[in-house]
1. If I ask for residues that are charged (D, E, K, R) and open to solvent by 50 Å² or more (accessible area, probe 1.4 Å), which ones from the range 12-36 would you list?
2. Since A152 meets every condition but one in (1) under 16 Å from F53 (Cβ atoms); (2) assigned to a helix (DSSP H, G or I); (3) open to solvent by less than 10 Å² (accessible area, probe 1.4 Å), which condition does it not meet?
3. So, E18, is that one modelled with pLDDT under 95 and under 24 Å from S108 (Cβ atoms) or not?
4. Here are the criteria: (1) within 24 Å of the chain's Cα centre (by Cα); (2) on the phi < 0 side of the Ramachandran plot; (3) open to solvent by 60 Å² or more (accessible area, probe 1.4 Å). Tell me which single one E9 does not satisfy.
5. Please find, among L15, L27, L38, the residue that is part of a strand (DSSP E or B), under 25 Å from the mean Cα position of the chain (by Cα) and in contact (Cβ under 8 Å) with a residue 12 or more places away in the chain.
6. Of all residues in the range 85-117, which are among the small types (G, A, S) and in a loop (DSSP other than H, G, I, E, B)?
7. From the list R54, R87, R113, R92, pick out the single residue that is basic (K, R), out of contact with any His (no Cβ under 9 Å at 6 or more places or on another chain), open to solvent by less than 60 Å² (accessible area, probe 1.4 Å) and in contact (Cβ under 8 Å) with a residue 12 or more places away in the chain.
8. Could you check how many residues of the range 57-84 are open to solvent by 10 Å² or more (accessible area, probe 1.4 Å) and either β-branched (V, I, T) or not in a strand (DSSP E or B) (or both)?
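The values are calculated or read from the model by the stated rules, or taken from the named source; none is laboratory data. The structure displayed is predicted, hence computed values, not measured ones. So basically every Cβ, Gly included, is an ideal-geometry build from the backbone, and we count neighbours across all protein chains shown. Ligands, DNA and RNA are excluded from the accessible area calculation, which covers all protein heavy atoms including side chains. Shrake-Rupley method; radii C 1.70, N 1.55, O 1.52, S 1.80 Å.
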Amino acid sequence: MVVDFRTWEQTFQELIQEAKPRATWTLKLDGNLQLDCLAQGWKQYQQRAFGWFRCSSCQRSWASAQVQILCHTYWEHWTSQGQVRMRLFGQRCQKCSWSQYEMPEFSSDSTVRILSNLVQHILKKYYGNGTRKSPEMPVILEVSLEGSHDTANCEACTLGICGQGLKSYMTKPSKSLLPHLKTGNSSPGIGAVYLANQAKNQSAEAKEAKGSGYEKLGPSRDPDPLNICVFILLLVFIVVKCFTSE
């Protein structure tokens, strides 16, 4: 299960109240949200995050930087009241033949990042006049990842809405979190470094592809005998032509 959503609601309220103290917003989970299927007056926001999964059958755990999050937002101008409906997309275990889509878990840092980006979207879409715009926070890699995104077991990919094309970025994992992967501990923990301390960013696609490698080139082919014969004949012709001209 995803982390206690009451914590998400509390953090969301703190962030939105800090930006707009007199505004009233609610945040709710909705597993029925569909991409580009909105009621009149609603707006859409999609982002991805780093999350953790655990198979309910074999207890295998894995991490992903392609956890898709879809939000529909609505704001009533006259009452200054807003609503957010959020859907978290799951992933299936690679090892189990009949595995179900498991819901993601997030560290504290990832939770803050997700909700901060959501609040920035709200400020931009509904309070744009005179509001200082901040860039979207990048994805933090909490552990090193190898290989490409497992599209076959991604719920968002199956539905055709996986946001691999989104222009978001990822930072390198903190060294303090690498033992988490080595020990096989499935709990995400809250030791991820904050975004402000990261000096360099890398694209999510380039980082996830790291370690997949390339095929080594095979040995070079031997020269074609026919080409050698043609070359020799051409050389003989040139020599004969030179002597004849003299």
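1. Hits for the range 12-36 are E14, E18, K20, R22, K28, D36.
2. Failing condition for A152: (3).
3. Judged against the criteria, E18 is a match.
4. (3)
5. Answer to the selection: L27.
6. Answer for the range 85-117, where residues must be among the small types (G, A, S) and in a loop (DSSP other than H, G, I, E, B): G90, S97, S99, S107.
7. Going through R54, R87, R113, R92 in turn, the sole match is R113.
8. Residues in the range 57-84 being open to solvent by 10 Å² or more (accessible area, probe 1.4 Å) and either β-branched (V, I, T) or not in a strand (DSSP E or B) (or both): 8 in total.
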